[in-house]
Structure formats: structure tokens, C-alpha cells
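**Q** Encoded as C-alpha cells, here's the structure I'll be asking about.
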Amino acid sequence: MRSHLLFVDALLNLTLGVGLVWFPSTLVRALGIPDVAPAFYASILGAVLFGIGLALLLELRTRSRSTTGLGLGGAVAINLSGGVGLAGWLIAGGLDLPLRGRVFLWALVAGLVSLSAVELAAQSKSEPARSA
């Protein structure tokens, strides 16, 4: 039952995440919710939801029956997805931002990517070495 729930939850998050990242205006109209242009916040939310979906798939791989949360692997998936989504907007989104806004958002991208790198390093040190 646990694996089925995690899979359905992951699929829902991945689908909604992809929809919000790549088709925000279309999805917003289809859902009948207020449209905001540009779709900056909707696509960032989509990137984070996509990361949550990836994190749930990583959790699905664990054999633990206890409630453990998503752990470092899940945090990396969420942080990198959010950071990449934000970087995508900064590079190709045509945002008209003052310098302080660009500096703040690029600092946020750098922070998310750096945090992910530290989390990956910590996770790799905590995992026992596998023999071939």
C-alpha cells in the first residue's frame, strides 16, 4: 500500500509540475483560475512540485516502513528542481527586473545549488561503500 501511495503522489506532483513549468497559461485557462502574466510564480511552483515528485520516487526506493520523510536525496531533488526552474526564468524568461532583483534571484539559485551539493556530499559520506 505504501509504495502505491508514494507512486500515485509522485505521479500527481510530476504531472502538475510539468504542466505548470511548460504550459502555465494553458493550464491556468483550463483550470479556470486567475491568470497572472508572466507566469513566473506558477512555473517556479511547477519546478518545486516536480522536485517533490522526484523526491517521492526516491522515497519509493527505500524499504523502510517507518515514517522517515524524504531525507537528503529528496531535499536535493526539490532544491535542484526549484533552482533550475528559477535559473531558466532568469536566463530565458525575459524578466524586466531591476539589478537588485536579479542579484537576489541569482543568489537564491546559487544558494539552492550549493546547498544541494553539500547535501549530496553528506549523503555520499553517510552511505556505506558498495562492493562490486
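**Q** Which whole-number value in Å² is the accessible area per residue of the chain, probe 1.4 Å? If you can, show how the numbers build up before the last one.
**A** Working: 8690 Å² over 132 residues.
Here the per-residue accessible area is 66 Å².
**Q** Assuming R0 = 25 Å, what is the FRET efficiency of residue 120 and residue 91, from their Cβ-Cβ distance, to the nearest 0.05?
**A** Details: r = 23 Å, r/R0 = 0.92.
Given R0 = 25 Å and the Cβ-Cβ separation, E is 0.60.
**Q** Quick check on the chain: what does the Kirkwood estimate of hydrodynamic radius come out to from the alpha carbon pairs, in Å? All intermediate terms of the calculation are to be shown ahead of the outcome.
**A** Working: mean 1/r = 0.0616 Å⁻¹.
When all Cα pairs of the chain are included, the Kirkwood radius is 16.2 Å.
**Q** Same structure again: Out of 82, 93, 23, whose Cα points farthest toward the positive end of the dipole of the chain (charges: +1 Lys, Arg; -1 Asp, Glu; placed on Cβ)?
**A** Going by the Cα projections, it comes out as 82.
**Q** Separate question: Around residue 52, under 13 Å between beta carbons, what's the net of Lys plus Arg minus Asp minus Glu among the other residues? Provide the component values of the computation, followed by the final result.
**A** Details: positive: none; negative: 9, 59.
Overall, the nearby charge balance is -2.
**Q** What ³J(HN,Hα) values, in whole Hz, does the Karplus curve 6.51 cos²θ - 1.76 cosθ + 1.60 give for segment 10-16 when θ = phi - 60°, with x put for Gly and Pro?
**A** Those phi angles translate into 4, 4, 4, 5, 5, 5, 5 Hz.
**Q** Now a separate question. Under the Kirkwood approximation applied to all pairs of distinct alpha-carbon atoms, what is the hydrodynamic radius of segment 1-40 in Å?
**A** Evaluated over segment 1-40, this radius sits at 11.3 Å.
The values are calculated or read from the model by the stated rules, or taken from the named source; none is laboratory data. Just so you know, these numbers come straight off a predicted model, no measurement behind them. Because the Cβ atoms are built from the backbone with ideal geometry, glycine has one as well, and the counts that use them run over all protein chains shown. Areas reflect the complete protein model, heavy atoms only, side chains present, ligands, DNA and RNA absent. Shrake-Rupley method; radii C 1.70, N 1.55, O 1.52, S 1.80 Å.
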